[in-house]
1. Within the stretch 45-52, is there a residue that is closer than 28 Å to residue 135 by Cα, under 14 Å from the mean Cα position of the chain (by Cα) and surrounded by fewer than 16 Cβ atoms within 10 Å (Cβ to Cβ)?
2. If we keep just the residues of the stretch 93-114 that are touching a residue at least 40 places away in the same chain (Cβ under 8 Å) and either of a type in the set (Gly, Ala, Ser) or in a loop (DSSP other than H, G, I, E, B) (or both), which is farthest from residue 46 (Cα to Cα)?
3. Could you list all residues from the stretch 24-43 that are under 15 Å from the mean Cα position of the chain (by Cα), over 23 Å from residue 90 (Cα atoms) and assigned to a loop (DSSP other than H, G, I, E, B)?
4. Name every residue in the stretch 73-88 that is farther than 16 Å from residue 119 by Cα, touching a strand residue (DSSP E or B) at 6+ places or on another chain (Cβ under 7 Å) and assigned to a loop (DSSP other than H, G, I, E, B), in order of residue number.
5. I'd like to verify a number: residues in the stretch 54-70 that are closer than 19 Å to residue 98 by Cβ and surrounded by fewer than 18 Cβ atoms within 10 Å (Cβ to Cβ), how many?
6. Could you tell me whether residue 60 is in contact with a Cys (Cβ under 9 Å, 6 or more places away or on another chain) and part of a helix (DSSP H, G or I)?
7. Quick check on residue 21: is it assigned to a helix (DSSP H, G or I), in contact with a Ser or Thr (Cβ under 8 Å, 6 or more places away or on another chain) and not β-branched (Val, Ile, Thr)?
8. Which one is farthest from residue 70 (Cα to Cα) among residues in the stretch 11-30 that are in contact (Cβ under 8 Å) with a residue 60 or more places away in the chain and buried (at least 19 other Cβ atoms within 10 Å of the Cβ)?
Amino acid sequence: MASKEEVAAFIAAEFPQTKCSVQEVGDGGATVSHQIGHGELRPGGTVSGPVLMSIADVALYVAILGEIGIVPMAVTTSLTINFLRKPAADKSIVGVCKLIKTGRTLVVGEVYLYSEGSRDAVAHVVGTYAIPPREE
């Protein structure tokens with residue numbers, strides 16, 4: 001297992017391009033937040049789908065690192081997203097992940113995405129990560 005501080009430091013060092021900040025890690029889950037700016041909006045004043053997918057992917061990765069430790073080469077093998085409602089254009093997006101199954105080679109989790117301050121999810125995501133073989 002890795003602490004919130006260890007995971008946040010790893011994400012900051014290895015993925016400096018992400019705007020996601022680690023809020024919580026542990027108990028088989030994680031919460032991340034992503035501040036939304038003009039560059040993340042699509043026509044119609046809503047947060048773009050690729051931004052939402054990215055936030056969900058980071059939330060899943062953070063939860064996995066918190067659960068199994070810092071494994072840089074854990075990679076996404078599938079990501080399915082259901083867009084539920086229009087996110088607020090002026091609020092951060094919060095991704096709340098819960099791991100469903102943690103196996104030796106695959107981890108499956110789900111992520112709910114919310115506009116900050118809202119209890120209604122804007123998207124639901126299920127993703128799978130492949131875990132590389134551990135060196136012995």
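Bear in mind these aren't lab numbers, they're just calculated from the coordinates by the rules spelled out. Keep in mind that this is a model prediction, so the values were computed, not measured. Cβ coordinates were reconstructed from backbone atoms using ideal geometry, including for glycine residues, and neighbour counts include every protein chain displayed.
1. To start, the set of residues in the stretch 45-52 that are closer than 28 Å to residue 135 by Cα comprises none.
No, every residue in the stretch 45-52 fails to be closer than 28 Å to residue 135 by Cα, under 14 Å from the mean Cα position of the chain (by Cα) and surrounded by fewer than 16 Cβ atoms within 10 Å (Cβ to Cβ).
2. First, pick out the residues of the stretch 93-114 that are touching a residue at least 40 places away in the same chain (Cβ under 8 Å): 93-99, 102, 107, 109, 111, 113.
Then keep just the ones that are either of a type in the set (Gly, Ala, Ser) or in a loop (DSSP other than H, G, I, E, B) (or both); that gives 95, 109.
Details: 95: 17, 109: 25 Å.
Checking each candidate, the answer is 109.
3. 28
4. Here is the first cut: in the stretch 73-88, the ones farther than 16 Å from residue 119 by Cα are 73-82.
Subset that is touching a strand residue (DSSP E or B) at 6+ places or on another chain (Cβ under 7 Å): 74-82.
If the condition is that a residue be farther than 16 Å from residue 119 by Cα, touching a strand residue (DSSP E or B) at 6+ places or on another chain (Cβ under 7 Å) and assigned to a loop (DSSP other than H, G, I, E, B), then 74 is the only one that fits.
5. 1
6. Working: in contact with a Cys (Cβ under 9 Å, 6 or more places away or on another chain): yes; part of a helix (DSSP H, G or I): yes.
When the stated conditions are applied, residue 60 passes them.
7. Working: assigned to a helix (DSSP H, G or I): no; in contact with a Ser or Thr (Cβ under 8 Å, 6 or more places away or on another chain): yes; not β-branched (Val, Ile, Thr): yes.
No, not satisfied.
8. Checked the stretch 11-30; the qualifying residue farthest from residue 70 (Cα to Cα) is 20.
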